[in-house]
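Q: I am attaching a structure below and will ask some questions about it afterwards.
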Amino acid sequence: MDKNFYITTPIYYPSAKPHMGHAYSSIVADFFARFKRIQGYNVFFLTGTDEHGQKIQRAAEKQNKDPKEFCDEISKTFKDLSTLLNLSNNDFIRTTEKRHHKSVDHLWKILEKKKEIYLSKYSGWYSVSDEAFYSEDEIEDIDGNKVSKSSGSQVEWLEEESFFFKLSKWQKPLLKFYSENPNFILPETRKNEVISFVKSGLKDLSVSRKSFSWGIKVPSNKDHVIYVWLDALTNYLSAINYPNEDNDLYKKFWPANLHLIGKDILRFHAVYWPAFLLAAGIKPPLRVYGHGWILSGEQKMSKSKGNILDPIEIINNYGLDPLRYYLLKEVSFGNDGNISKEKLESCINSDLANNYGNLCQRVISFCEKNIGLKIPQINEFEAEDLQILDNYKNSFEDLKIHIDNQNINFYLNFIVEQLFKANKYFNDQEPWKKKDNRIRLNTIVYVSMEIIRKISILLYPIIPETALKALKIFNIEEKDIEFATILNNKYLFSEDKINKIGILFNKVTK
Ligand code: MSP
């Protein structure tokens with residue numbers, strides 16, 4: 001059976017330049033994509049920008065720009081950020097592309113043909129910032145302003161002719177779908193929120209707007225543009241060439257394995273999206289994971305709150321891999337995470353420079369001085385060698401399972417623990433005192449190298465650039481990295497040449 005894996009990030013609104021919250025979604029998705037690749041999967045990793053709708057139209061108007069020209073500019077900053085973050089995405093989709101237009105158009109026509117859409121009138125609250133409709137009990141009055149209770153963004157009253165999707169009809173099928181697919185929504189707490197929202201009753205959903213023009217026109221009525229969320233969600237299909245269901249990408253990668261999103265957009269992905277798909281006769285994705293927010297102080301980091309930590313500035317000051325490591329380790333995945341420069345710095349100094357960087361340096365320079373730049377000759381391992389080497393073998397299945405449940409923290413904790421054990425092993429074994437016992441000295445160095453190799457493979461999805469630098473010691477290249485090789489305790493060949501490497505992480509001095 002083909003091992004295929006399709007993972008997506010949300011497509012970002014190019015209404016302003018990217019911030020740390022966007023970088024976070026992308027880095028996490030890249031982690032999973034890289035992990036599945038070294039596990040032997042054929043991975044399709046998609047990211048992109050969500051360019052239609054009133055929010056973008058207004059942002060463009062504010063700058064007196066044509067919306068397409070405005071999107072071209074800002075979408076490019078998101079694309080550049082993907083490169084800067086070293087994302088291994090296979091595609092970058094923009095909803096203003098023709099291929100996307102074609103898919104949305106087709107999906108709409110199917111829904112219309114199946115009588116899932118009808119024309120009526122919408123009157124109610126709308127938040128342009130969230131591009132979401134809210135019912136009376138979902139809004140509140142703060143200082144004379146009507147705002148959404150969940151996002152805090154301002155809502156405005158809307159009354160216009162609109163096409164509606166028969167969402168109410170899908171309430172029962174959705175509940176059945178959730179109970180038959182208990183891991184469709186993760187984490188568990190979010191799943192419960194979604195289920196109780198659906199249980200509380202679903203109203204038909206307005207899926208077109210008439211009062212502005214920046215979007216994809218309803219095929220049968222050009223006065224309307226398609227609701228931006230129906231448009232945006234379809235990106236996951238357009239990138240794999242839907243509506244051509246016979247093409248290789250679609251056959252291999254639909255249904256998607258994992259839509260990774262922030263918790264604020266769970267309703268769109270876990271309620272509307274599967275309902276649209278079920279209604280169109282298309283299989284829903286296998287999983288939607290709603291991660292927490294990156295907080296600055298106690299608040300969500302966002303442009304409108306003006307509390308943004310700029311990922312580009314952090315990367316320029318500290319480097320990319322420290323940021324990737326820090327976000328993946330310090331934010332308990334699924335929950336909100338408060339980040340700060342101080343915590344980033346102590347993470348660089350302790351885990352990356354002291355534990356990982358130092359381990360690589362001291363083992364290789366000890367080897368160079370005492371054995372030469374080559375893998376030492378060995379005979380048999382002793383009990384304490386196997387004790388440390390076999391940790392990887394013993395945790396192999398667990399690591400896979402935890403990753404498949406998006407338990408990033410289990411994976412990171414395992415690495416931190418192994419780094420600690422590896423340094424302790426080298427200290428306790430004191431190879432510098434074994435110069436009269438070459439066999440033992442060789443074995444200690446060999447074991448330490450095997451550990452560096454295994455840990456570097458585990459670190460590759462997190463800090464790809466640095467892990468590859470470390471693996472250069474053993475002449476291992478990106479294409480050779482396989483997760484399963486951590487099972488092998490004698491992967492390295494005696495007498496093979498090794499390479500010296502420069503410092504992996506510089507300590508931050510205060
Ligand atoms: N365009 C929609 C998504 C459409 S997907 C078919 C959108 N865009 S967004 O740019 O506003 O947000 C994109 C993602 O970034 C969301 O998953 C959101 O949760 C995430 N983040 C935005 N700010 C965030 C934080 N401060 N912290 C973590 N992620 C947050 O919604």
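Q: How many residues, within the stretch 418-456, are in contact with an Asp or Glu (Cβ under 8 Å, 6 or more places away or on another chain) and within 30 Å of Ser88 (Cα to Cα)?
A: 1
Q: Filter the stretch 170-224 down to residues that are closer than 21 Å to Trp157 by Cα, modelled with pLDDT of 95 or more and open to solvent by less than 50 Å² (accessible area, probe 1.4 Å), then give me how many there are.
A: Number satisfying all stated conditions: 10.
Q: Right, Ile476: assigned to a helix (DSSP H, G or I) and crowded, with 20+ Cβ neighbours inside 10 Å or not? Give the derivation first.
A: Values: assigned to a helix (DSSP H, G or I): no; crowded, with 20+ Cβ neighbours inside 10 Å: yes.
No.
Q: Select, from Trp273, Trp254, Trp229, Trp293, the only residue that is closer than 29 Å to Phe35 by Cβ, within 15 Å of the ligand (Cβ to nearest atom) and either at pLDDT 95 or above or over 17 Å from the mean Cα position of the chain (by Cα) (or both).
A: None of the other options fit; the residue is Trp273.
Q: What is the residue count in the stretch 205-224 for residues that are over 23 Å from Trp170 (Cβ atoms), within 16 Å of the ligand (Cβ to nearest atom) and assigned to a strand (DSSP E or B)?
A: Residues in the stretch 205-224 being over 23 Å from Trp170 (Cβ atoms), within 16 Å of the ligand (Cβ to nearest atom) and assigned to a strand (DSSP E or B): 0 in total.
Q: Look through the stretch 1-44, keep the residues that are within 15 Å of the ligand (Cβ to nearest atom) and in a strand (DSSP E or B), and return whichever of them is nearest to the chain's Cα centre (by Cα).
A: For the stretch 1-44, the residue satisfying everything is Thr9.
Q: Given (1) within 15 Å of the ligand (Cβ to nearest atom); (2) open to solvent by less than 40 Å² (accessible area, probe 1.4 Å), where does Ala353 come up short, assuming only one miss?
A: Going through the list (1) within 15 Å of the ligand (Cβ to nearest atom); (2) open to solvent by less than 40 Å² (accessible area, probe 1.4 Å), Ala353 breaks only (1).
Q: A further question on this structure: So, of the residues in the stretch 45-81 that are among the hydroxyl-bearing types (Ser, Thr, Tyr) and buried (at least 20 other Cβ atoms within 10 Å of the Cβ), which turns out to be nearest to the ligand (Cβ to nearest atom)?
A: Narrowing the stretch 45-81 to residues among the hydroxyl-bearing types (Ser, Thr, Tyr): 47, 49, 75, 77.
From what's left, buried (at least 20 other Cβ atoms within 10 Å of the Cβ): 47, 49, 75.
Working: Thr47: 10, Thr49: 8, Ser75: 12 Å.
My answer is Thr49.
Q: Based on what the data block shows, is Ile315 open to solvent by less than 20 Å² (accessible area, probe 1.4 Å), at pLDDT below 95 and β-branched (Val, Ile, Thr)? Let's see the steps before the verdict.
A: Values: open to solvent by less than 20 Å² (accessible area, probe 1.4 Å): yes; at pLDDT below 95: no; β-branched (Val, Ile, Thr): yes.
Against the criterion (open to solvent by less than 20 Å² (accessible area, probe 1.4 Å), at pLDDT below 95 and β-branched (Val, Ile, Thr)), Ile315 does not qualify.
Let's see how each residue does on (1) of a type in the set (Val, Ile, Thr); (2) modelled with pLDDT under 95; (3) surrounded by 12 or more Cβ atoms within 10 Å (Cβ to Cβ):
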residue	(1), (2), (3)
Ile117	yes, no, yes
Ser120	no, no, no
Tyr134	no, yes, yes
Glu138	no, yes, yes
Asp141	no, yes, no
Gly144	no, yes, no
Val155	yes, no, yes
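Q: Where the second residue is in a helix (DSSP H, G or I) and among the hydroxyl-bearing types (Ser, Thr, Tyr) and the first is at pLDDT 95 or above and lies in the stretch 318-335, which pairs have Cβ atoms under 7 Å and are six or more apart or on separate chains?
A: Note: pairs meeting the criteria are Asp321/Thr466; Leu327/Tyr24.
Q: Residues being away from the ligand (no atom under 12 Å from the Cβ) and in a helix (DSSP H, G or I): count how many of those fall in the stretch 257-269. Spell out how you get there, then give the answer.
A: Our first condition is that a residue be away from the ligand (no atom under 12 Å from the Cβ); within the stretch 257-269, this holds for 257-258.
Filter again for in a helix (DSSP H, G or I), leaving none.
Residues in the stretch 257-269 being away from the ligand (no atom under 12 Å from the Cβ) and in a helix (DSSP H, G or I): 0 in total.
Q: Mind telling me which of the residues Leu174, Leu158, Leu202, Leu249 ends up being within 22 Å of the chain's Cα centre (by Cα) and either part of a helix (DSSP H, G or I) or more than 16 Å from the ligand (Cβ to nearest atom) (or both)?
A: Details: Leu174 fails: within 22 Å of the chain's Cα centre (by Cα); Leu158 fails: within 22 Å of the chain's Cα centre (by Cα); Leu202 fails: within 22 Å of the chain's Cα centre (by Cα).
Step by step, each of Leu174, Leu158, Leu202, Leu249 is checked, and only Leu249 is within 22 Å of the chain's Cα centre (by Cα) and either part of a helix (DSSP H, G or I) or more than 16 Å from the ligand (Cβ to nearest atom) (or both).
Q: Pairs needed: first member in the stretch 481-510, surrounded by 19 or more Cβ atoms within 10 Å (Cβ to Cβ); second member anywhere, of a type in the set (Ser, Thr, Tyr) and part of a loop (DSSP other than H, G, I, E, B); C-beta distance under 8 Å; at least 6 residues apart or different chains.
A: Hits for this filter: Ile481/Tyr460.
Q: Within the bounds of the stretch 377-399, is there any residue that is farther than 30 Å from Asn317 by Cα, open to solvent by 40 Å² or more (accessible area, probe 1.4 Å) and part of a strand (DSSP E or B)?
A: Within the stretch 377-399, none of the residues are farther than 30 Å from Asn317 by Cα, open to solvent by 40 Å² or more (accessible area, probe 1.4 Å) and part of a strand (DSSP E or B).
The values are calculated or read from the model by the stated rules, or taken from the named source; none is laboratory data. On a predicted model such as this, the values are computed, not experimentally measured, just so you know. Because the Cβ atoms are built from the backbone with ideal geometry, glycine has one as well, and the counts that use them run over all protein chains shown. Protein only, heavy atoms only, side chains kept; ligands, DNA and RNA dropped before computing areas. Shrake-Rupley method; radii C 1.70, N 1.55, O 1.52, S 1.80 Å.
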